[in-house]
Amino acid sequence: MSINKETKTNIINEFSKNEKDTGSASIQIAVISERIKNLTEHFKTHNKDNHSKRGLVALVNKRKKLLNYLSKKNNTEYLELIKKLNIRG
């Protein structure tokens, strides 16, 4: 359900602006999106796991807040990110 260290470092390397960037909004959104993807795969086999569903709702809400922040702060980066992650239609 969570992501392993190797996957997280690959995501950070892909979405970072420079080599010391590890916590920008775009990186956080990408990591959260990967965790959401893993949880949705988990629910395909464990559909009665209500405790994890609560965590999924929290992750979706956190990603939504970060996306709103990024769209207000840097709209071009926001548009590139949603296209790269294939979210929001």
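Entry comment: accessible area of the stretch 1-72 is 71 Å² per residue, from protein heavy atoms only and a probe of 1.4 Å.
Measuring with a 1.4 angstrom probe and ignoring ligands and nucleic acids, Thr76 comes out at about 90 Å² accessible. Ranking Ser71, Ile82, Asn38 by how far each Cα lies toward the positive end of the dipole of the stretch 38-89 (charges on Cβ) leaves Ser71 at the top. Each 10 Å bin, from zero up to the one with the longest distance, holds this percent of the alpha carbon pairs of the chain: 16, 47, 30, 7, 0. Checking the cross-link pairs Lys5/Lys53; Lys17/Lys72; Lys53/Lys73 against a 26 Å limit on the alpha carbon distance flags Lys53/Lys73 as lying beyond it.
Around the Cα centre of the chain, unit charges on the Cβ atoms of Lys, Arg, Asp and Glu (plus for the first two, minus for the last two) sum to a dipole of about 440 debye.
Along the chain, the longest continuous region that contains none of the trypsin sites (Lys or Arg not before Pro) in a DSSP loop with at most 14 other C-beta atoms within 10 Å is 49-87. Near Phe15, once Lys and Arg are set to +1 and Asp and Glu to -1 for all other residues with Cβ below 9 Å from its Cβ, the sum equals 0.
Run the accessible area of the chain with a 1.4 Å probe and give the carbon-and-sulfur part as a rounded percent. Solvent-exposed carbon and sulfur of the chain make up 48 percent of the total. Dividing the summed helix terms, -39500 (n - 2.57) for each DSSP H run of n ≥ 4, by the number of residues in the chain produces a 222 nm estimate of -25000 deg cm²/dmol to the nearest 500. Applying both filters, DSSP loop and at most 10 other Cβ atoms within 10 Å, to the GluC sites (Glu not before Pro) of the stretch 1-83 gives Glu19.
The values are calculated or read from the model by the stated rules, or taken from the named source; none is laboratory data. A quick note: this is a predicted structure, and the numbers were derived from the prediction, not measured. Don't worry about glycine lacking a Cβ; one is built from the backbone with ideal geometry, like all the others, and counts go over all protein chains shown. With ligands, DNA and RNA removed, areas are computed over all heavy atoms of the protein, side chains included. Shrake-Rupley method; radii C 1.70, N 1.55, O 1.52, S 1.80 Å.
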